[in-house]
1. Can you pull out the residues in the stretch 231-247 that are in a loop (DSSP other than H, G, I, E, B) and either more than 26 Å from the chain's Cα centre (by Cα) or assigned by TED's automatic domain parsing to the domain that holds Ile330 (or both)?
2. Regarding the stretch 235-256, can at least one residue be identified that is closer than 28 Å to Val303 by Cβ and either out of contact with any strand residue (DSSP E or B) (no Cβ under 6 Å at 6 or more places or on another chain) or in contact (Cβ under 8 Å) with a residue 60 or more places away in the chain (or both)?
3. Scan the stretch 367-393 residue by residue and report those that are crowded, with 16+ Cβ neighbours inside 10 Å and farther than 16 Å from Met308 by Cα.
4. Name the one entry in Val163, Val184 that is within 14 Å of ligand 2 (Cβ to nearest atom) and part of a strand (DSSP E or B).
5. Of the residues in the stretch 306-325, how many are surrounded by fewer than 20 Cβ atoms within 10 Å (Cβ to Cβ), farther than 18 Å from Thr3 by Cα and in contact (Cβ under 8 Å) with a residue 60 or more places away in the chain?
6. Return yes or no: is Glu335 among the charged types (D, E, K, R) and either within 16 Å of ligand 2 (Cβ to nearest atom) or not assigned by TED's automatic domain parsing to the domain that holds Pro26 (or both)?
7. Among the residues of the stretch 341-367, which ones are within 14 Å of ligand 1 (Cβ to nearest atom) and either under 13 Å from Asn85 (Cβ atoms) or among the hydrophobic types (A, V, I, L, M, F, W, C) (or both)?
8. Got a sec? Which of Thr57, Thr3, Thr52 is of a type in the set (S, T, N, Q), under 23 Å from Val160 (Cα atoms) and surrounded by fewer than 20 Cβ atoms within 10 Å (Cβ to Cβ)?
Amino acid sequence: MSTYLERAEEMRDQLVATRRDFHKHPELYFQEVRTARKITEHLDNLGIEYTTGVAKTGVVAHLGEGAPVIALRADMDALPILEANDVEYKSENEGIMHACGHDAHVTCLMGAATMLAQDFAAGRLKGTVRFLFQPAEESEDEEGKSGGQRMVQEHALEGVDAVVGMHVISTLPANRVFVREGPVMAAVDSFEARVIGRGGHGAYPHEGLDPIWLSAQVINGIHGVLSRRKHPVEPGLITVGAIHAGKAGNVIPVEVEMVGTIRSFSQETRLLLHRELENAFRITQAFGGDYHLQIKYGYPVTVNDPEMARFVRRMASDLIGADRVQEGTIEMGAEDFSFMAQAAPGAFFYLGAKKDEATRLHHAPDFDIDENILPTGAALMAEAARKYLEENAVEE
Ligand SMILES: [Zn+2]
Ligand SMILES: [Zn+2]
């Protein structure tokens, strides 16, 4: 029996065509209707049972029955970005683009499903593989919930013994796997604030209270928090990403609006950053001004179960060679796979996908990947399931 890598290589043309089709027709969060339809057409062809409408536009499918149960996850959504690449498979939905590689994730999981379906049909596998085609990784709905969070809430992870997720990374060397035990991606919270002063004439600042000046003190305070209040070796950051105030050079505005993001890797640091952010805004009160600060909780830390991370490292080393499997780094980005990894022992790994010499950042208009990673990605997902079922087989 040839390996999944060899079998995936034989599907290369089909995988490339599938990825290009998704790339041409990207859909935003919770609108992945065409994407879901293409997935279910594929599952129908394979005779795989599924449920649609999970987490609004998601698809949950399964192969086999009984224990153990391993879940494989792919996110489906694109981003509100105008594609700058001049390629045959350029986005046809203007202003929407698969600029994070989720088109590749769906493609690889569909490829894995093809191979696993063949092996279940031939009686080579025992147990259950659950496929989680998840919408809305990049954004939350009006209730503040992302696709992964909703999937967990709608019991898609119930009875799952382990869950594996993969992310292509456009800046890491192609066809290399990066994995680490413990925290891999940050918790993300956001804040919205108003700094309130008193409006007045720009020539008489002492008669009003300049909220722009107050905001400058607050921003200094925020950045001071990171170096003076947080433990130096604990990762964490606060970025003020937008600030709005005023309309004219000779008018002191009434207030300043500020929004930002907060990243951390432990609950302790997370709460410390929230508390010290509040303290930074309290500087406004010392000068007779005021503020409103609202902090909104986002995705939790993505934590790899140590045993599952070691399993993925071993599985990937056996499949593609130990020299191609490296230790992952912790990233300040966030992932809603974190909700799934809270629901079951999980492993989230990166597959390098650098296309050429250009720097093609995730979420940038010139993002693209090396399509040579598609067979590798499909094989890795299939092999993760196969090996897990084999190693955790239940005695009859
Ligand atoms: Zn992204
Ligand atoms: Zn992503």
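The values are calculated or read from the model by the stated rules, or taken from the named source; none is laboratory data. Remember, predicted model here, so these are calculated numbers, not experimental data. Ideal geometry is used to build each Cβ from the backbone, glycine not excepted, and the neighbour counts take in all protein chains shown.
1. In the first step, residues of the stretch 231-247 are kept if they are in a loop (DSSP other than H, G, I, E, B); the result is 231-235, 245-247.
Within the stretch 231-247, His231, Pro232, Ala245, Gly246, Lys247 qualify.
2. Checked the stretch 235-256: at least one residue is closer than 28 Å to Val303 by Cβ and either out of contact with any strand residue (DSSP E or B) (no Cβ under 6 Å at 6 or more places or on another chain) or in contact (Cβ under 8 Å) with a residue 60 or more places away in the chain (or both).
3. Phe367, Asp368, Ile369, Asp370, Glu371, Ile373, Leu374, Pro375, Thr376, Gly377, Ala378, Ala379
4. Details: Val163 fails: within 14 Å of ligand 2 (Cβ to nearest atom).
The conditions single out Val184.
5. Of the residues in that region, 2 qualify.
6. The answer is yes for Glu335.
7. Answer for the stretch 341-367, where residues must be within 14 Å of ligand 1 (Cβ to nearest atom) and either under 13 Å from Asn85 (Cβ atoms) or among the hydrophobic types (A, V, I, L, M, F, W, C) (or both): Phe348, Ala353, Arg360, Leu361, Ala364, Pro365, Phe367.
8. Thr52 is the lone residue from the list that is of a type in the set (S, T, N, Q), under 23 Å from Val160 (Cα atoms) and surrounded by fewer than 20 Cβ atoms within 10 Å (Cβ to Cβ).
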